[in-house]
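The values are calculated or read from the model by the stated rules, or taken from the named source; none is laboratory data. A quick note: this is a predicted structure, and the numbers were derived from the prediction, not measured. Surface accessibility is based on the protein's heavy atoms, side chains included, excluding ligands, DNA and RNA. Shrake-Rupley method; radii C 1.70, N 1.55, O 1.52, S 1.80 Å.
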Amino acid sequence: MIQETIVTTISPDGLVHIAPMGIHINGDEYIILPFRPSTTLVNVLHSQTAVLNYCDDVRVFAGCLTGRRDWPLRAAEKISAPVLACALAHTEVQVIRIEDDPVRPKLFCTAVHSAHHAPFTGFNRAQFAVLEAAILVSRLTMLSQEKIASELAYLRIGFDKTAGDRERVAWDWLMAAIDEHNGAQP
Ligand SMILES: Cc1cc2nc3c(=O)[nH]c(=O)nc-3n(C[C@H](O)[C@H](O)[C@H](O)COP(=O)(O)O)c2cc1C
């Protein structure tokens, strides 16, 4: 099972880093898989810790992909990396084993603390659409404009029917990034 989370880490200089990451969860094992190069990877290798934030505010996902990484934080219980203030729940993890790889190392982690902060209020198709559009934005240089346009046309159906304010803000940030990328193409 892969859960789309926001991973918060801390650099050797004490700088906070926030990045969306799909975490593989097998029982009580959490695997972070950052593609090189990655600030998250550098930070986890140094601190051996991270916070996995479970978050339904999709502005954070879209924001991180469009240069908006300044989200409210608070202190974690057991580790130095902070918790995202809007997280519904979070897990503080510690690295137990690393499988190195030139493309995508595997960071096997175990939980050292977990907490719930707010209820999960159900699935929302616009949130799913924003997550998928954010993944497209993270692959803009690998995908054709035609592929992106056809995926967005499908995602827009559920988005238009179900979006609230947060989802619309997040979607607009992503569409602006796609327009900017397309405008810069020859
Ligand atoms: C929903 C979602 C899941 C993602 N999962 C991963 C992942 O598992 N590994 C990864 O390297 N990047 C993933 N990305 C892209 C990263 O968030 C983005 O490239 C980020 O800048 C990672 O690099 P960093 O550690 O240097 O910040 C994901 C993006 C989204 C929107």
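Brief remarks on what is shown
- Relative contact order of the chain, defined on C-alpha pairs under 8 angstrom at six or more residues apart (%): 21
- Sorting 128, 123, 61 by accessible area puts them as 123, 128, 61; the probe is 1.4 Å, largest comes first, and only protein heavy atoms count.
- Integer Hz, Karplus 6.51/-1.76/1.60 couplings in order for the range 150-162, x for Gly and Pro: 6, 5, 5, 4, 6, 4, 5, 5, x, 4, 4, 6, 10
- Exposure of residue 113 as accessible area (Å², to 10), given a probe of 1.4 Å and all protein chains: 50
- Our summary of shape: the Cα atoms of the range 125-183 have principal axis extents of 29, 18, 15 Å, ordered from largest down, in whole angstrom.
- Shape call, the chain: gyration tensor on alpha carbons, a/c limit 1.5: prolate
- In order through the range 20-33: 3J(HN,Hα) via Karplus (6.51 cos²θ - 1.76 cosθ + 1.60), integer Hz, x for Gly, Pro: x, 8, x, 9, 7, 10, 10, x, 9, 9, 10, 10, 9, 10
- Amide H partners (placed H, <5 Å) of residue 113, local residues excluded: 92
- Hull-based mean projected area of the range 68-155, where the convex hull spans the alpha carbons, in square nanometres: 8.4
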